[in-house]
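Remarks on the structure that follows.
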Amino acid sequence: MLAIFMIVAAAGVLFVVLTLLMKKTDSQDGIAPVEEKRYGCAICQEEFVESDLISRTVGEAGYRRYFCDRCVIELYEESRLLHDPRSKE
Ligand SMILES: [Zn+2]
């Protein structure tokens, strides 16, 4: 009787240990698989999910750079002013 109890207890302990190890492994992987990758905007450095960013391959090394909406709009506004003859009066 004691032997059966010992086996059940050992199996229970093993189950708990394995469950804890599995959880630890998951958290070490960091981001859960369903969560979208995040990148920092190349200009303001703020982090966003990939689908909220515009990306371009930059330079000969082919680095991927990400840009947030706000920075792109700021660049657009700056470019618009640069080419607007009224802003140079
Ligand atoms: Zn930005």
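Read-outs throughout are calculated quantities, based only on the coordinates presented, and are distinct from any laboratory measurement. The structure presented is a predicted model; accordingly, all values stated were derived computationally and were not measured. Counting neighbours? That spans all protein chains shown, and the Cβs are built from the backbone with ideal geometry, glycine included.
Spacing of the modelled spin labels on residue 50 and residue 77, each 7 Å from Cα toward Cβ, amounts to 3.0 nm. Residue separation of residue 36 and residue 60 scaled by 0.36 nm, minus their Cα-Cα distance, works out to 5.9 nm of gained length.
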